[in-house]
Amino acid sequence: VIAALSLHVVEAVVLAFFVVFAVGYTLLLVRAARETGLEFARQKRRVWSTEDLIRSPAQPVVTIVVPAHQEADAILPTVRSLLAQRWQHLEVIVVPNGCTDGTLQVLQDAYDLQPTNEILDRPATARGRIQSTWRSAADARLRVIETSGGGKADASNCALERATGEFSLLVDADSLLAPHAVARAVLPFIERGSQVAVVSAAIRVLNGAHVRPDGTVQAGLPKSPLALMQTVEYARAFHIGRAGWASLGALPVVSGAFGMFRTSVLRAAGGLDTTTVGEDLELILRLHADVRRGGQRPEIVFIAEPLCWTEVPEDIASLRAQRIRWHRGLVEAVQRHGRMLFNTRHGSVGLMSFPFLGLFELLAPLVELLGLAALTLAAATGAIAWSVVVALALFAVTFGLALSMGAILLEQVWGRGYVDRPRDVLVLLMWALIEQLGHRQRTAAWRLHGLVLGVRGGRATWGEMHHRGARTVTSA
Amino acid sequence: VGTIVWLAVLGGIIAGACAVACALACAWLARAAQHGSPSTTTVHHPEVQQPVQAMLQRHAPAPAPTYMAIMPAVQPPQFVPQPPETSQLHHSQVVRTTGPGGPVVLEGSYPQLGNALGAWLQDERDEIERIRIARDLGTIGDARSARALLDGVRTGVLSPTVAADNLQRGGFEAGIAIAAALRDPEPRVRALAASLVGRTTPLEPANVLTNTLRPMPEPPSRRPS
């Protein structure tokens, strides 16, 4: 009786979870679609366009911060794409931290780096030590600061200590930007006034894209099944999750691959946290927590137009390490900012997005796997009819498919996206379906591992991704 | 059980239909992009464009076919002409002379004067000299001076009153730098930006000022706003 009762309790919890997820994501999709429509309407009525900013002699200085760890085979296309930005007042600071693969040497060879006599001091709390500082003789906008390690967050902080820009754009060392990315990201700061603290944008998967000699990227479908499934995941995450939360004024996270910050806000917040592997999520939650405590509401803007391309892992080991790290970072961030949960002082973040993140996203892998096991067990023991299991599974799969295709459609309206030819839709539809049947469950198992590691505590480390970038990216 | 099964099947059919509809819409968009359909191009609405153009004209600096800026000198009779400092100056009609009171006389035709000063401003490394050039550039309403003028106020080298006068001449273009300076860490710069934002930006001034004032506790920023 107790076993049957527990089974029913698990079923009820799983069903409740599923209903909240389904309703939540449907609402986010609707909000995201509405916001996309409004953005197109705003584009027509905009007084200052991106082109106005690009041409303006009074444009503010933007510092692009690129922390790099073992990125010798990815750094050059990234730096080339950054220096090709259509922005006059630009500063690019690359921080190779703890590199032993010749990342610095690659930059030296390509950009004729010359040593500079900068002061090497850093704050007492810094983890990495500055070993050398360089400036490019080929392009004066490029500066390089070599550090002894300390992690991605510490490398970003090191660059922020020396940034001269009013705005700082944090990007990953394996990401490429659209030529107008900086201008488009600065626009909300100018347009919406002083409340805007952070601007982020949608990110596309770089694998399979075509990189032109001028650094611009034409999106395309990857060849590898893993990358294809991540393409669907990225579209869902950015065009439903981020866009939906942003439309509610409750965006809880900005991707580390592309985030434009007001430098003064970032410095006032104390920079990135060097003790967590989810420093991007932690920083945004801290901004919500700190700034709101001080009585000022930070506006975090999300641009649904894809401005950045990033490489995703194509091997199981890298993907597994990445997902474990992400979930572990989520656990750490939720542990640190638990006070925001259902806290009315934090507005829509405390009442909507943080509970969704802290309860549902965090526990999703546990509930998903537990629910799968419980339903199978219940059906096997006759406690529940197989027809119910099959019908629920059918609904779960088709619902997931509808979300995925909705996200891909929202991605496509911003111009030529992954779907270059009509037949590409069939490929994506197929992989969106396959992603629901196996990959999702495997990812849930990895995230569960991350959840366990996060709860147990201990020091987490950043893994290394095996790049196949300009490597898998073909020149066209 | 029957109800759950029917609801789930019905939900599945609806979701599946939505997925197929989205896929078809994607395919249509891809086909349209291949054939150069105007589905995602910007459509110009005359009723929107007209006020914007009028606003642009209102905020644009007044054209000056020939311009001569004579800055106040301490001892004009003692000026000793010096050769131009940057290569750009050789190609323009600008003459810069240096006297005991510093660089004082600039003359030339617009826009050569502005271009020469703009190039000079970019090359100049000395902070005080940069502010001087920016002030001269601002006098002729060139927005290239905006950032340097704000820097001057930030460091205390330049009086906010002088900067405000010059920034205002920069009009629409300077508004970009001013809007960005609304949350500058330095209160003097914030106060200056707050006092100018309604005059130089084509944004809704009331909204911008309300947003600006909310996080600014200090009276010097609130008063000019």
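For the stretch B:159-183, enumerate the residues that are open to solvent by 10 Å² or more (accessible area, probe 1.4 Å), of a type outside the set (A, V, I, L, M, F, W, C) and within 18 Å of A:Glu191 (Cα to Cα). Residues satisfying the conditions are B:Glu173, B:Arg183. Filtering A:Val232, A:Val199 for residues that are crowded, with 24+ Cβ neighbours inside 10 Å and out of contact with any strand residue (DSSP E or B) (no Cβ under 8 Å at 6 or more places or on another chain) leaves a single hit, A:Val232. Checking every residue in the stretch A:73-88 against the condition of being at pLDDT 90 or above, within 14 Å of another protein chain (Cβ to nearest Cβ) and assigned to a loop (DSSP other than H, G, I, E, B) gives at least one match. Taken over the stretch A:77-110, the criterion of being open to solvent by less than 30 Å² (accessible area, probe 1.4 Å) and among the hydroxyl-bearing types (Ser, Thr, Tyr) is satisfied by A:Thr78, A:Ser81, A:Thr103. The combined condition, being within 18 Å of A:Thr164 (Cβ to Cβ), modelled with pLDDT under 80, open to solvent by 40 Å² or more (accessible area, probe 1.4 Å) and among the charged types (D, E, K, R), is not fulfilled by B:Arg154.
In the stretch B:184-225, the qualifying residues are those that are surrounded by fewer than 16 Cβ atoms within 10 Å (Cβ to Cβ) and facing another protein chain (nearest Cβ under 8 Å), and the one that is modelled with the highest pLDDT is B:Pro185.
Are any of the residues in the stretch B:140-151 away from chain A (no Cβ under 12 Å) and outside any loop (DSSP other than H, G, I, E, B)? Checking the stretch B:140-151: not a single residue is away from chain A (no Cβ under 12 Å) and outside any loop (DSSP other than H, G, I, E, B). Inside the stretch A:375-420, can you point out the residues that are more than 9 Å from chain B (Cβ to nearest Cβ) and either surrounded by fewer than 21 Cβ atoms within 10 Å (Cβ to Cβ) or at positive phi (or both)? Across the stretch A:375-420, the qualifying residues are A:Thr376, A:Leu377, A:Ala378, A:Ala379, A:Ala380, A:Thr381, A:Gly382, A:Ala383, A:Trp386, A:Val389.
On the stretch given as the stretch A:307-341, residues that are out of contact with any Phe, Trp or Tyr (no Cβ under 6 Å at 6 or more places or on another chain) and either of a type in the set (D, E, K, R) or within 14 Å of chain B (Cβ to nearest Cβ) (or both) total 8. In this structure, A:Glu146 does not qualify as within 14 Å of chain B (Cβ to nearest Cβ) and part of a strand (DSSP E or B). Does A:Leu5 meet the test of being among the hydrophobic types (A, V, I, L, M, F, W, C), open to solvent by 30 Å² or more (accessible area, probe 1.4 Å) and either more than 11 Å from chain B (Cβ to nearest Cβ) or part of a helix (DSSP H, G or I) (or both)? When the stated conditions are applied, A:Leu5 passes them. Residues that are of a type in the set (A, V, I, L, M), more than 12 Å from chain B (Cβ to nearest Cβ) and outside any helix (DSSP H, G or I) within the stretch A:199-237 comprise A:Val199, A:Ala201, A:Ala202, A:Ile203, A:Val205, A:Leu206, A:Ala209, A:Val211, A:Val217, listed in sequence order.
Restrict the check to the stretch A:27-36 and report whether at least one residue is within 30 Å of B:Gly175 (Cα to Cα), in contact (Cβ under 8 Å) with a residue 24 or more places away in the chain and open to solvent by 30 Å² or more (accessible area, probe 1.4 Å). Yes, that holds for at least one residue.
The values are calculated or read from the model by the stated rules, or taken from the named source; none is laboratory data. On a predicted model such as this, the values are computed, not experimentally measured, just so you know. A quick note on method: Cβ atoms are made from the backbone with ideal geometry, for glycine too, and the neighbour counts reach across all protein chains shown. The accessibility values were calculated without ligands, DNA or RNA, using every heavy atom of the protein model including side chains. Shrake-Rupley method; radii C 1.70, N 1.55, O 1.52, S 1.80 Å.
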